[in-house]
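Undergrad: This is the structure, below, for whatever I ask next.
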């Protein structure tokens, strides 16, 4: 049995944290469009996207292209398999600061 975290576990943990911070989160699944990031996050008029991958899983070319399209539009977007990296990205993107001394904060 692998000790790697499943993509869905990391995604769920990040979403729980985001909602606790007041960030809206949506599963992003445009009809008839493949390769877009898994999650959209919205906070105070800004949006960002995260594609979650299982640890060690590469980003397919179509998904890399979709991230590039978002970047071309100046929309923050990343792919990650790490909870801490996702939180760091969201904190930076939405200018959040650590308001508590917990390890699961900015």
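Read-outs: derived from the displayed coordinates by stated rules, not from any lab. Quick caveat, the model's predicted, so the values are computed rather than measured. Here the Cβ is made from the backbone with ideal geometry for all residues, glycine too, and neighbour counts use every protein chain on show.
Undergrad: Give, in nm to one decimal, the length gained when the segment between residue 16 and residue 59 is fully stretched (0.36 nm per residue of separation minus the Cα-Cα distance). Don't jump to the answer; show the numbers that get you there.
TA: Details: separation 43, 0.36 × 43 = 15.48 nm, distance 2.40 nm.
Additional length available on full extension: 13.1 nm.
Undergrad: Here's another thing I want to ask about it. Just from its helices, what would the mean residue ellipticity at 222 nm be for the chain, if runs of 4 or more DSSP H residues each count -39500 (n - 2.57) and the sum is divided by every residue, rounded to the nearest 500 deg cm²/dmol? Walk me through the intermediate numbers first.
TA: Working: 3 runs with 37 residues, N = 106.
Taken over the chain, the calculation gives -11000 deg cm²/dmol.
Undergrad: A follow-up question, please. If the chain between residue 44 and residue 84 were fully stretched, how many nm would it gain, using 0.36 nm times the residue separation less the Cα-Cα distance? Working shown, then result.
TA: Numbers: separation 40, 0.36 × 40 = 14.40 nm, distance 2.20 nm.
The residue 44-residue 84 span can extend by a further 12.2 nm.
Undergrad: Additional query: Using per-residue counts of other Cβ atoms within 10 Å, averaged over each peptide, order 8-16, 38-46, 26-34 from highest down. Let's see the in-between values first.
TA: Values: 8-16: 17.2, 38-46: 15.7, 26-34: 8.9.
Descending packing order for the listed peptides: 8-16, 38-46, 26-34.
Undergrad: Need one number: nm distance between label points at residue 24 and residue 9, each 7 Å from Cα along Cα→Cβ, rounded to one decimal.
TA: Roughly 3.1 nm, to one decimal.
Undergrad: For the stretch 27-71, what does the alpha-carbon gyration tensor say about shape, rounded, prolate or oblate, given a ≥ b ≥ c as the root eigenvalues, a/c under 1.5 as rounded, and a/b over b/c as prolate?
TA: Values: a/c = 1.76, a/b = 1.45, b/c = 1.21.
It is prolate, given that a/c is not under 1.5 and a/b is the larger ratio.
Undergrad: Shifting gears a bit: Among (i) 33; (ii) 64; (iii) 30, find the value of percent of Cα pairs over 21 Å apart that was calculated from the structure presented, and write down its label.
TA: (i)
Undergrad: So between residue 34 and residue 95, what do we pick up on full extension, going 0.36 nm a residue minus the alpha carbon distance? Mind showing how you got there, number by number?
TA: Working: separation 61, 0.36 × 61 = 21.96 nm, distance 3.01 nm.
Contour length minus the Cα-Cα distance gives 19.0 nm.
Undergrad: Give the relative contact order (percent, whole number) for the chain; include only Cα pairs under 8 Å separated by 6+ residues.
TA: Working: 139 pairs, mean separation 25.0, N = 106.
With pairs under 8 Å counted, the relative contact order is 24 percent.
Undergrad: Relative contact order of the stretch 32-86, please, whole-number percent, based on alpha carbon pairs below 8 angstrom and at least 6 residues apart. Could the numbers behind the result be given before it?
TA: Values: 66 pairs, mean separation 20.7, N = 55.
So the answer I get is 38 percent.
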